[in-house]
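Below is one structure, written out as structure tokens, with a few remarks after it.
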Amino acid sequence: MIRGQIGFFIDATKCINCRTCEVACKDFNDAPVGRRLRRVRSFEGGEFPSVFSYNISMSCNHCEDPLCVRHCPAKAYTKRESDGIVVHDPERCIGCRYCTWLCPYGAPQFDAAEGRVRKCNLCVEEIDQGRNPACVDSCPLRAIEIGPLEEINKRPGATIAIRALPPSELTRPSIRYKIRKEAEDA
């Protein structure tokens, strides 16, 4: 892990599926209709009377071992040494879509009108100015946070192991979730 790797902490016990983070991301990135660099996903399961549901807000996970960085033929992706943010340069992108096929989380989004891929850059311009990403500041229940992954890993309930998501060993995503205990055991 990069020392100082920034990661997300998503508290699914707080998320109400309002999608304000999605809208803030679209606005910040001036995204056209159809492009969603952040998506809220809902999961449910269990058997009556022990049922559960939870929502998680997802974007690029700024993985410790990102497949997009390793395999982009145009070198449109870089992983910053200082904080581990995976940055995509759309000017270098050739629109081959390899990254969209490789990313197990569906973070890179192909824009047919542009013929290029776009993805969450963690509002890197804001971070460089000492501010939070748009998704973090917009969440009315403060269910999304960012910070050093070393500290996030120490948070009570922080886990990467959610059965509905791809195995974390694939890319070692820099995101941790807090979900209700009944959802963990399902």
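Rule-based calculations on the coordinates, nothing more; no lab input. Quick caveat, the model's predicted, so the values are computed rather than measured. Virtual Cβ from ideal backbone geometry, glycine too; neighbours counted across all protein chains shown.
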Among Y54, I6, G130, the residue whose Cα sits farthest towards the positive end of the charge dipole of the chain (+1 at Cβ of Lys and Arg, -1 at Cβ of Asp and Glu, taken about the Cα centre) is Y54
What whole-number volume per residue, in cubic angstrom, does the convex hull of the C-alpha atoms of the chain give?
121 Å³
Within segment 1-38, which chymotrypsin sites (Phe, Trp or Tyr not before Pro) sit in a loop by DSSP and count at most 16 neighbouring Cβ atoms inside 10 Å?
none
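Counting only GluC sites (Glu not before Pro) that are in a DSSP loop and have at most 11 other C-beta atoms within 10 Å, tell me the longest site-free stretch of the chain. Before the final figure, lay out the partial values.
On the way: sites that count: E81, E91.
Longest run free of exposed loop sites: 92-186.
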If the only charges are +1 at each Lys and Arg Cβ and -1 at each Asp and Glu Cβ, what is the size of the charge dipole of segment 6-184 around the Cα centre, to the nearest 20 debye?
320 debye
Go through the chain and flag any cysteine with no other cysteine's C-beta closer than 4.7 Å, please.
C15, C18, C25, C63, C72, C93, C96, C103, C123, C139
Cβ-based exposure ranking for S53, S168, in which fewest neighbours within 10 Å come first
S53, S168
Show me, for segment 143-152, the HN-Hα J-couplings you get by feeding each phi into the Karplus relation (A = 6.51, B = -1.76, C = 1.60, θ = phi - 60°), rounded to Hz, glycine and proline as x.
7, 10, 9, 10, x, x, 4, 4, 6, 4
Enumerate the calculated ³J(HN,Hα) couplings along segment 94-107 in order (Karplus 6.51 cos²θ - 1.76 cosθ + 1.60, θ = phi - 60°), each rounded to whole Hz, writing x wherever the residue is Gly or Pro.
9, x, 6, 6, 4, 4, 5, 7, 7, 5, x, 9, x, 6
